Amino acid sequence: MELDDRLDRIAARSEELQAMLSQGLAQGLDGEAFSKASREYAELEPIVARIGELRQAEREERQSQALLADPDLRELAQAELDALRARIPTLRQDIRIAMLPRDEADERSAILEIRPAAGGDEAALFAAELFDAYRRYAALRGWRFEVMEFDESELGGLRSGIANITGRGVFARLKYESGVHRVQRVPATESQGRIHTSTITVAVLPEAGEVDVQVNDDDLRIDVFRASGAGGQHVNKTESAVRITHLPTGLVVAMQEEKSQHKNRAKAMKILMARLYERERAAAHASRAADRKSQVGTGDRSERIRTYNFPQGRVTDHRINLTAYKIDRVMQGELDEFIDALIQDDQASLLAAEGI
């Protein structure tokens, strides 16, 4: 009954806020207090709507139960009762999930960064393939995928790739991709047919705005230089490339993808702000979750999270012990099976931690 008591308190609080807001409009409630009440009411509204669905289903369950005594209606009542008894636990679980603390960054767009780690040319080649897999995933979700940096190696691999993925709820899904991705396959240059293991790092950062991160001009050192790149496609005779150093943290972002110094500076600032915002989030997360065992979704780049084994055609996520034998489809951007499972696992851990 503990959950039901909490739901009753939430519904009562929603009614209290609604009355407060109605009276506030009439009586000129203080602006800050009115805004605070409005935000709280908006947060409770979707939960209260689900509570209303649950209470309606429970009333219908009691009515169907009473109708079982009527011989003429027993069969219909039993069918309705069976459907309701299947639906009510789902409604309760939906409410539990809706009550979980929300990550304020979940609805944001994201910055995706991919770099090869161990494995030389083979790591760079796989980095380029995984970058394209995320591009395809973004297209499947209806998100906008803007390449901010694509430093291509001589063999067509990727030395460093950065993309701005824009859309609603991008970070909520892609944050689980941060970490070390391992690939096992026979490289095209391998004459003996031996399987090589390479790794790349993926970082997904929530897009930040000026409200999230305060950056003083005095804290920045901005250098400009001539761009360079393989094949000469990025070589400029003017100093269009930009390097920004955030002096208090030592973070450095260099950008040369655009021919315009102004555009490169804007892109570099966007990446810098995302990294600074993620540093603040990571520090807050560490202080809040020091005793939480599960690290799913923390974005720890040192953690080996997934293996792509091409000879066996399998992809394994080590955090949740999920293996799927469909590597070709995964590389085409079909990542939802893994991301959905990671979200469910994270929710289960949060529910246990919150005692809901």
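The values are calculated or read from the model by the stated rules, or taken from the named source; none is laboratory data. The model shown is predicted, which means the values in this text are computed figures rather than measured ones. So basically every Cβ, Gly included, is an ideal-geometry build from the backbone, and we count neighbours across all protein chains shown. In case anyone asks, the SASA skips ligands and DNA or RNA and just uses the protein heavy atoms, side chains included. Shrake-Rupley method; radii C 1.70, N 1.55, O 1.52, S 1.80 Å.
Observations on the model:
- For the chain, the extents of the C-alpha atoms along the principal axes are 84, 62, 37 Å, listed from largest to smallest.
- Helix 74-98 and the long axis of the chain differ in direction by around 50°, with both axes built from C-alpha atoms.
- For the pair A19 and R74, label points projected 7 Å from Cα toward Cβ lie 4.7 nm apart.
- In the assembled protein chains, S349 presents an accessible area of approximately 30 Å² (probe radius 1.4 Å).
- Projecting label points 7 angstrom from Cα along Cα→Cβ for D8 and V252 puts them 6.3 nm apart.
- Subset of K270/K326; K175/K270; K175/K267 violating a 24 Å alpha-carbon distance limit: K270/K326
- Ellipticity estimate at 222 nm from DSSP helix runs (n ≥ 4, -39,500 (n - 2.57)) divided over the chain, nearest 500: -16000 deg cm²/dmol
- With Cα atoms, 0 to 90° folded angle of helix 120-141 axis to the chain main axis: 40
- Atom-type composition of the exposed protein surface of the chain places 47 percent of the accessible area on carbon and sulfur (1.4 angstrom probe).
- Relative contact order of the chain: 15 percent, from C-alpha pairs under 8 Å at least 6 residues apart in sequence.
- For the stretch 105-119, the Karplus equation 6.51 cos²θ - 1.76 cosθ + 1.60, evaluated at θ = phi - 60°, returns couplings of 8, 4, 7, 7, 6, 9, 9, 9, 10, 10, 9, x, 10, 9, x Hz by residue, with Gly and Pro reported as x.
- The chain: angle of helix 261-288 to the longest principal axis, Cα-based, in degrees nearest 10: 50
- In this calculation the C-beta distance from A49 to V215 is compared with R0 = 35 Å, giving a FRET efficiency of 0.30.
- Cα-based radius of gyration for the stretch 28-167, normalised by 2.2 N^0.38 Å, reads 1.82.
- Rolling a 1.4 angstrom probe over the protein heavy atoms with all chains in place gives the chain an accessible area of 54 Å² per residue.
- Normalising by residue count, the stretch 83-230 has a Cα convex hull of 184 Å³ per residue.
- R62/T323 FRET efficiency (R0 35 Å; Cβ-Cβ; nearest 0.05): 0.20
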